[in-house]
Amino acid sequence: MKYFIGNWKMFGIPKSINILNKINSYYLKDKNRKKYRVIITPPYTLLETYSKFFKKKRISIGSQNCYQKDKFSSDTSAISPYMIKKVGAEYTLVGHSDNRKEGDTDLMLKNKVTYALKNNLKVVFCIGENKIQKSKNKTLDVLKKQITKVLNKKLNKNNIIVAYEPIWSIGTGKIPTNKELEKITIHIKKILKGIFQNKSPAVLYGGSVDGNSIKNFKEIKEIDGFLIGGASKSSKKFIDIINNYYR
Ligand code: 13P
């Protein structure tokens, strides 16, 4: 199964559901649809409406983050995995670099993953090195630490997806070479297999994925899907990615 996940970030109002409707119509007509799943992570404000609307349809809805506590607390503005699940969302991202930048620590991420899984959300756990780490050849070490500090064998691997998003590639148009990306994806899967009894969760790539760059990425068979930012805000651009992947 491949995954095409659209992360809207700070984008979207109720009527932006038109974008999802177009993607959903494409999906329903696509002869390749059994091979992949589409997930969109709109902002919290739209989670309930979109989840209800797409409940019986094929697009799945997820949140972009969750708080590191289970249910209710007195933390102003926080939204827990329980609350996300109760409005009908199926997935949550955890550890996106935008949130790590704002202070998410490994311990916080561990709690987020644990409580999200406890509340039956599927977790898309994001990892990735920054430009300096890359230039110092630290990528493989950084990724290993990010994974092993947060994931452990007690977690339900069937509900975890890992997304590799090099920070220097997000929104920049810069992408790793296929050789680099293949090596990194294999490295990530090896670490995950070490944790989860020789079975790796799906590993996705994210960072400047669009209708053009996908033509390179699709050559790398180890990649199980994509986490798409900018290009997920347009139905045409998002559909182009899927279309070019299977062409
Ligand atoms: P872009 O596709 O805009 O580079 O963003 C990637 C991303 O951060 C998705 O979570």
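Some notes on this structure:
- Among the candidates Gly173, Gly194, residue that is of a type outside the set (S, T, N, Q), away from the ligand (no atom under 16 Å from the Cβ) and over 18 Å from the mean Cα position of the chain (by Cα): Gly194
- Any chance Ile161 is closer than 23 Å to Gln64 by Cα, of a type outside the set (Gly, Ala, Ser) and at pLDDT 95 or above: yes
- Condition met for Met1 (more than 16 Å from the ligand (Cβ to nearest atom) and of a type in the set (A, V, I, L, M, F, W, C)): yes
- Selection from region 92-121 of residues that are within 16 Å of the ligand (Cβ to nearest atom), closer than 24 Å to Thr185 by Cα and surrounded by fewer than 24 Cβ atoms within 10 Å (Cβ to Cβ): Ser97, Asp98, Asn99, Arg100, Lys101, Asp104, Leu109
- Flag for Leu46 being at pLDDT 95 or above, buried (at least 19 other Cβ atoms within 10 Å of the Cβ) and part of a helix (DSSP H, G or I): yes
- Segments classed as helices (runs of 4 or more DSSP H), wholly inside region 145-247, with at least 3 members that are out of contact with any helix residue (DSSP H, G or I) (no Cβ under 9 Å at 6 or more places or on another chain) and in contact (Cβ under 8 Å) with a residue 24 or more places away in the chain: 178-195
The values are calculated or read from the model by the stated rules, or taken from the named source; none is laboratory data. This structure is a prediction, so every number in the text was calculated from the model and none was measured. For neighbour counting, all protein chains shown are included, and Cβ atoms are generated from backbone atoms with ideal geometry for every residue, glycine included.
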